[in-house]
1. Run down 208, 252, 188 and say which single residue is more than 23 Å from residue 106 (Cα to Cα) and crowded, with 21+ Cβ neighbours inside 10 Å.
2. Give the residue, chosen from 234, 242, 223, that is surrounded by fewer than 18 Cβ atoms within 10 Å (Cβ to Cβ) and in a helix (DSSP H, G or I).
3. Out of all the residues in the stretch 163-175, is one or more at pLDDT 90 or above and over 17 Å from residue 111 (Cα atoms)?
4. Looking only at the stretch 94-105, decide whether some residue is crowded, with 21+ Cβ neighbours inside 10 Å, part of a strand (DSSP E or B) and at negative phi.
5. Within the stretch 79-94, can you find the residues that are over 16 Å from residue 35 (Cβ atoms) and touching a residue at least 60 places away in the same chain (Cβ under 8 Å)?
6. Could you list, in sequence order, all residues of the stretch 175-214 that are within 18 Å of the chain's Cα centre (by Cα) and part of a loop (DSSP other than H, G, I, E, B)?
7. Take the conditions closer than 24 Å to residue 253 by Cβ and either outside any helix (DSSP H, G or I) or at pLDDT below 90 (or both) and apply them to residue 132. Does it pass?
8. Among the candidates 85, 95, 65, 99, single out the residue that is within 14 Å of residue 151 (Cβ to Cβ) and at pLDDT 95 or above.
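The values are calculated or read from the model by the stated rules, or taken from the named source; none is laboratory data. Just so it is clear, the model here is predicted, and its values are computed rather than measured. Heads up, the Cβs are rebuilt from the backbone with ideal geometry, glycines too, and the neighbour counts pull from every protein chain shown.
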């Protein structure tokens, strides 16, 4: 569909990726001169009235949602045999591509990913909308470090299609909740379950269930609990094991009620562990970046993420490059209080510098950042006190000699 003009307005420029039901392209809104992402559905849906009705309804519902963690929906339509959705173009890549490049994440990076994902889901849950297909492929990361979730409502639209076999389990098998596998029902608690599986994968680099087929993987969760992430990789805090366990309880009543509740628990954990802030890097070798580099796309090349970071952030940052996030190695022992670059509290002593790695990230990096920030604050306070002292001294001197000066 390269160079096609959808609905007389959206120019198709380059293919980004394709799946079982749709293909995503880079595009240009020629009316507004704005880059967009075009999700073009398979032609087999073009004559299905049930699908088209649900597709339009879901697009309108999602377009009303406003949250930094959601990919914005601009428009929807049908051109010939091609139903399509017009969305915000995220210059970056998917969470799946990032995991493939760098492996499992340390807890502070996991928290940095889950915060906006849960924020976007929370906005949808408050509006009565359920995603139904939370997985790394649907989490996008921009070159500026923004994390957003996409594809709200598409699963329900496809499920409404008359051509869909009732034996097909919609959604990726590895992330489906037990109730979705059992009877196809989904609620905010189903999204919570899928997010719990996502958190487990971010921590360990793999999903908890494996099998010979999608159905065997899906049915395992009906009578098997998700194991603790710490059993698969050292250094995972017990608080994150508890977060995953609560999110992936087989009985929906035992889970977080929605993403709002899960997000509040995540914030409490981050505060308790004093996790440092972290900007999630976009995958470098992403399909989106490759599509932007195609000669026939006629799209102005953007500077690389590393170059942009160097210009905007001349000081030392916590953002990692691909070479700094290799395959996982063993971290320092959990419970030492130093595994995330934490500094000793009152009455504690630090035995040498913070050392060790988690998923290839040196813990000294975060210890340095925190200590540097604290030193900066102390220096600023000292300067303010010194200036205040000088002003007070000058005022006292002038006051004492006021008659002589007059």
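1. None of the others qualify; the one that does is 188.
2. 242
3. First, the residues of the stretch 163-175 that are at pLDDT 90 or above: 174-175.
After this cut, where a residue has to be over 17 Å from residue 111 (Cα atoms) as well, the list is 174-175.
Yes, some residue in the stretch 163-175 is at pLDDT 90 or above and over 17 Å from residue 111 (Cα atoms).
4. So far as the stretch 94-105 goes, yes, one or more of its residues are crowded, with 21+ Cβ neighbours inside 10 Å, part of a strand (DSSP E or B) and at negative phi.
5. Those that are over 16 Å from residue 35 (Cβ atoms) and touching a residue at least 60 places away in the same chain (Cβ under 8 Å): 79, 82, 94.
6. Once the filter is applied, which keeps residues that are within 18 Å of the chain's Cα centre (by Cα) and part of a loop (DSSP other than H, G, I, E, B), the stretch 175-214 yields 205, 206, 207.
7. On the way: closer than 24 Å to residue 253 by Cβ: yes; either outside any helix (DSSP H, G or I) or at pLDDT below 90 (or both): yes.
When the stated conditions are applied, residue 132 passes them.
8. 95
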